[in-house]
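The values are calculated or read from the model by the stated rules, or taken from the named source; none is laboratory data. Keep in mind that what you see is a predicted model, and the values were worked out from it rather than measured. Cβ coordinates were reconstructed from backbone atoms using ideal geometry, including for glycine residues, and neighbour counts include every protein chain displayed. Side chains are part of the model used for accessible areas, which takes the heavy atoms of the whole protein and leaves out ligands, DNA and RNA. Shrake-Rupley method; radii C 1.70, N 1.55, O 1.52, S 1.80 Å.
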Amino acid sequence: MRFSRDQVFRNSSLRPPRRPAAGRNGRSGWLLLPYLVGTLVLLVIPTLATAALAFTEFSSTQPPVWVGLENFRRLITSELVYLALTNSLIFVGLAVPLRVVGALLFALVLQAKGRSFAAYRAAIYLPTIIPEAAYALVWLWIFNPIYGPLNLLLQGVGLPPIHWLTDPDLARIAIVILSAFQLGEGFVLLTAGLQTIPRALYEAAAIDGAGRWQAFWRITLPTIAPWLLLLTGRDILLSLQNTFAPSFIITYGGPYYATMFVPLLVYEMAFDYLELGLAAALILLVLAATGLLVLALSDLLLPREGAHG
């Protein structure tokens, strides 16, 4: 017995798929318009304006005057710029390993399921979502040499109080300490990476007699190495930018310029000394260095063409 085409496709589940309307894709493209406008207004136009101002002398009270590469020459010969770059590199060299290793340790310990573990994971992520100004004010109270809880704790165990914010070396360490607790995003990333490792690998390693330490070095660490590399690159990029709030609120670059980082120096050039062209040139140099770093990291993360040929 044969059925006609109409009888076969009378059931909706057997009907051939309909072609999308001609204008559906065009209408859905309008949904991207707010994001495109936001990217243009908040990213593209300010970047182009900064690049243009970098070659001018502009104090915001007079029209900009073209000076060519003079701003870059002044930056290269400025001791304060070198000091700010040195402080930023020291901060990156100390804070990034602490955050990456801390995120990995917490991810390894708290990957089990349960209500208590969920509460601990939320507590680790909490400092990351606190506004930067409020977070800096909290640590300003913690590092207070007279009534700060950190020095009170040291005195409670018989140790002398520490002048965290008046000693240049200790002030740098204080900024590193407060940033080390903001590892929530890296913790979430590595927790997701650990969950992608098949349990069968650990079971096979246990059958072969491997212990937990051997399983970590032979299975866990090589498997999540790309995640760690991605997190390290991301942390380096963010550490070059996210030092403004703590250095501005807690120490304002002091003592003796020990916490004068590049973002704070840009702020001082632009709004304290009204050297907007010079500040734009410094931003452009930092953007160029960041771009080179991104290219280097992408070369490490992305396989080259023909590498597996």
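Backbone phi angles across segment 153-160, fed through the Karplus curve with coefficients 6.51, -1.76 and 1.60 (θ = phi - 60°), yield HN-Hα couplings of 5, 5, 5, x, 9, x, 9, x Hz in residue order; Gly and Pro are listed as x. One decimal place: the segment residue 210-residue 197 gains 3.0 nm when fully extended, by the rule 0.36 nm per residue minus the C-alpha distance.
Across segment 274-291, computed HN-Hα scalar couplings (Karplus, 6.51 cos²θ - 1.76 cosθ + 1.60, θ = phi - 60°) run 6, 9, 5, x, 5, 5, 5, 5, 5, 4, 5, 5, 5, 5, 5, 5, 5, x Hz from first to last residue, x flagging Gly and Pro. Summed over the residues of segment 157-284 and divided among them, the accessible surface reaches 50 Å² per residue at a probe radius of 1.4 Å. In the chain, carbon and sulfur make up what percent of the accessible area (probe 1.4 Å)? Of all accessible area on the chain, carbon and sulfur atoms account for 68 percent. Centre-to-centre, using Cα atoms only, segment 168-186 and segment 83-143 are separated by 8 Å.
For the peptides 41-47, 173-179, 216-222, the ranking by mean Cβ contacts within 10 Å, running from highest to lowest, is 173-179, 216-222, 41-47.
Each other residue within a Cβ distance under 13 Å of residue 281 adds +1 if Lys or Arg and -1 if Asp or Glu, for a net charge of -1. FRET efficiency for the residue 116 to residue 237 pair, using the beta carbon distance and R₀ = 30 Å, is estimated at 0.30. For the chain, averaging the sequence separation of C-alpha pairs within contact (under 8 Å, six or more residues apart) and dividing by the residue count gives a relative contact order of 27 percent. Amide H contacts for residue 183 (H built 1.01 Å from N in the peptide plane; partners 5 or more residues away or on another chain; cut-off under 5 Å): none found. Estimated at 0.36 nm per residue, the fully extended path between residue 89 and residue 153 surpasses their Cα-Cα distance by 20.0 nm.
Site pair residue 126 and residue 80 shows an inter-label distance of 4.0 nm when each label is modelled 7 Å from Cα along Cα→Cβ.
Residue 79 sits with roughly 150 Å² accessible to a 1.4 Å probe, with DNA, RNA and ligands left out of the calculation. 3J(HN,Hα) along segment 203-220, derived from phi through the Karplus expression 6.51 cos²θ - 1.76 cosθ + 1.60 where θ = phi - 60°, amounts to 5, 5, 5, 5, 5, 7, x, 7, x, 5, 5, 5, 5, 5, 6, 9, 10, 5 Hz, with x in place of Gly and Pro. Full extension of the chain segment joining residue 33 with residue 47 gains 3.0 nm, where the gain is 0.36 nm per residue of separation less the Cα-Cα distance. The H on the amide N of residue 57, modeled in the peptide plane, is under 5 Å from the matching H of 65, 66, 67, each at least 5 residues off or on a different chain.
Take each peptide in 190-196, 81-87, count the other Cβ atoms within 10 Å of every residue, and average; sorted highest first, the result is 81-87, 190-196. Model label points for residue 59 and residue 141, set 7 angstrom from Cα along the Cα-to-Cβ axis, are 4.2 nm apart.
Database remark: amide H of residue 163 closer than 5 angstrom to no amide H (H placed geometrically; neighbours at sequence offset of 5 or more, or on other chains; Pro and chain starts carry no H).
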